[in-house]
Amino acid sequence: MRKKIAAGNWKMFKTPQETREFLRAIKSLPPPSCEVVIAPTYLCLDAAVSESAGTFVQIAAQNCYSQNQGAFTGEISPAQLRASGVTHVILGHSERRHVFKESDQDINKKCNLALKEGLLPIFCVGEQLAERKTGQLRSVLEKQILYGLEGIDLPAADKFVIAYEPVWAIGTGETATPEDAQEAHAFLRELMGRTAGADFAQKVRILYGGSVKPGNTAALTAKPDVDGVLVGGASLDVDSFGQIIAAVRIQG
Ligand code: 13P
């Protein structure tokens, strides 16, 4: 059985002090039955790692660079993240792809190095509204997975996570229906079967992201191929993220 995950992507929100306060509150909740991951900004990783030590909360970075050191002003490397106690890294988030123009090749290089450094990638894919409307859902996901993972030596399936985040559902209040999510997730699992083999595809966790709230988490995670959620806005508040963690359905 795939252990479900509730992950919070804090994007460019919260100071180190706010990060500490949030983690103190969240770790006092009863131990959840899903895994819990929080991705604060780089600046707050240190506070997050120390505050979450020995608890059920795992810490992710929101991005990394594709080299471990050098003259790359403003970048942070996988080796630096690992040395700071970070265990996970979000890669290919739609804001990285569309606002910062990262290509599948950029994401491929980052993913390759992150894995070599022992980080667990949360590898994001998802189509834009115009692409969905013109019937390109499958071809977009196919390209993002096949180019994004090309030549990469994948680890054990529990050391790699995929997140399906339809761009039109991010921060818009418009969620994919559980059926839409299931259809895309089943296709992604099929793609992973082609890329990494049937066993890996069966075991890899695929999260849904895009306007996840306490009220829609149970229905989304009840679908057989939805193995958890990647939450933006609703992960910033302890009460709402706590409710999301509690609502993740353990079995479909
Ligand atoms: P929202 O939950 O705010 O729509 O953001 C989703 C997201 O981008 C998580 O990575």
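FYI, it's all coordinate maths here, none of it is from the lab. Note that the coordinates shown come from a computational prediction; the quantities given were computed from them, not determined experimentally.
Some points to look at:
- GNM top mover of 155, 40, 78 - the chain, alpha-carbon springs below 10 Å: 155
- Among 109, 14, 101, the largest mean-square fluctuation in a Gaussian network model of the chain, built with springs joining Cα atoms closer than 10 Å, belongs to 101.
- Taking every full run of DSSP H in the chain, none both stretches at least 30 Å from end to end by Cα along its long axis and averages 0.5 or higher on the Kyte-Doolittle scale.
- When all alpha carbon pairs of the stretch 5-247 are counted in 10 Å bins from zero, the resulting P(r) reads 8, 34, 38, 18, 2 %.
- Among the listed pairs 11/223; 3/110; 101/159; 3/213; 116/213, those beyond 32 Å (Cα-Cα): 116/213
- Entry for the stretch 94-202 at q = 0.11, 0.24 Å⁻¹: log10 I(q)/I(0) = -0.34, -1.51, Debye formula applied to identical alpha-carbon scatterers, no solvent contribution.
- Under 5 Å, built H, 5+ apart or other chain: amide partners of residue 89: 61, 120, 122
- Listed values for the stretch 155-168 are Karplus-derived 3J(HN,Hα) couplings in whole Hz (6.51 cos²θ - 1.76 cosθ + 1.60, θ = phi - 60°), namely x, 4, 4, 7, 10, 8, 10, 10, 10, 8, 10, x, 4, 5, and x replaces Gly and Pro.
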